[in-house]
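Here's the structure we're looking at; comments come further down.
The values are calculated or read from the model by the stated rules, or taken from the named source; none is laboratory data. Being a predicted model, the structure only gives us computed values, none of them experimental. We place every Cβ from the backbone using ideal geometry, glycine too, and count neighbours over all the protein chains shown.
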Amino acid sequence: MVSKEENILFAAEKLFAEKGFEGTSTREISKAANVNISMISYYFGSKEKLYEKLVEYRMSEGQFFAKDILERTDINEWQKIEKIVDQFSGRVRHHKCFYRIMQREQLHTENPQIVEFLKQTKMGFISMYSQVLESGLKKRIFTKNPPIYLLHATVSGTLFYASNAKEMYKEFLNDTEDDEVFDEKYYTELNLHIKYLLKDLLGYEENK
């Protein structure tokens, strides 16, 4: 069940992605969420605080899945990398509005709270990759030790670029399939491509 607070957050997310923070009014958010405008003040205090809460909400989701993967003992380090890629890709695919907002924010944000959220999230991912890589090297699962910050940049950069260019690639491929069908195929191929890159960067051999 979606709470009233989440309902407002999700309605605002779509509007922020489409029109930007400045271009979205609290009246538009209340109309999209089908609530009285006073409810926004009640739950969040202001449009700025609503925006910050949205970023915190989505970022916390991402950190939770990462922590869960790190703590697993039933899979090896390469399988952890695979799950991180799958989960991250799934979030980019299914939360397009939020990641559109985040890409815009990385270029233009002046809100110190958002800047801090972005920094802490990136640092969290870099720390996660670092732990997996260090453990994998000790166990000789990985044979190469690439710069960890570039490893994260390879995954996130490839994901975001490919996600933003999806419609262009669909046209390039002259693909007339239903969007959902193309989406499934596209992100499956994208995940495999990223994993092939990481295998080479990490020096991982499947049947070693």
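Taking the conditions exactly as written (in the same structural domain as SER163 (by TED's automatic domain parsing), of a type in the set (S, T, N, Q), surrounded by 14 or more Cβ atoms within 10 Å (Cβ to Cβ) and within 25 Å of LYS53 (Cβ to Cβ)), does GLN106 satisfy them or not? It is false that GLN106 is in the same structural domain as SER163 (by TED's automatic domain parsing), of a type in the set (S, T, N, Q), surrounded by 14 or more Cβ atoms within 10 Å (Cβ to Cβ) and within 25 Å of LYS53 (Cβ to Cβ).
If you go through the range 17-33 and keep only what is more than 19 Å from GLU110 (Cβ to Cβ) and basic (Lys, Arg), you end up with ARG27, LYS31. Which residues, taken from the range 1-53, are of a type in the set (A, V, I, L, M), touching a residue at least 12 places away in the same chain (Cβ under 8 Å) and either surrounded by fewer than 16 Cβ atoms within 10 Å (Cβ to Cβ) or under 18 Å from PHE117 (Cβ atoms) (or both)? Correct list: LEU9, ALA12, ALA17, LEU50. With respect to the conditions (1) free of Cβ contacts under 8 Å to residues at least 40 places away in the same chain; (2) exposed (fewer than 15 other Cβ atoms within 10 Å of the Cβ), ASN164 lacks only one, and its number is (1).
Exactly one residue out of MET123, MET128 is in the same structural domain as SER60 (by TED's automatic domain parsing) and over 26 Å from GLU13 (Cα atoms): that is MET128. Residues that are under 14 Å from the mean Cα position of the chain (by Cα) number at least 2 in the following helices (runs of 4 or more DSSP H) confined to the range 75-182: 77-94, 96-108, 112-138, 148-164.
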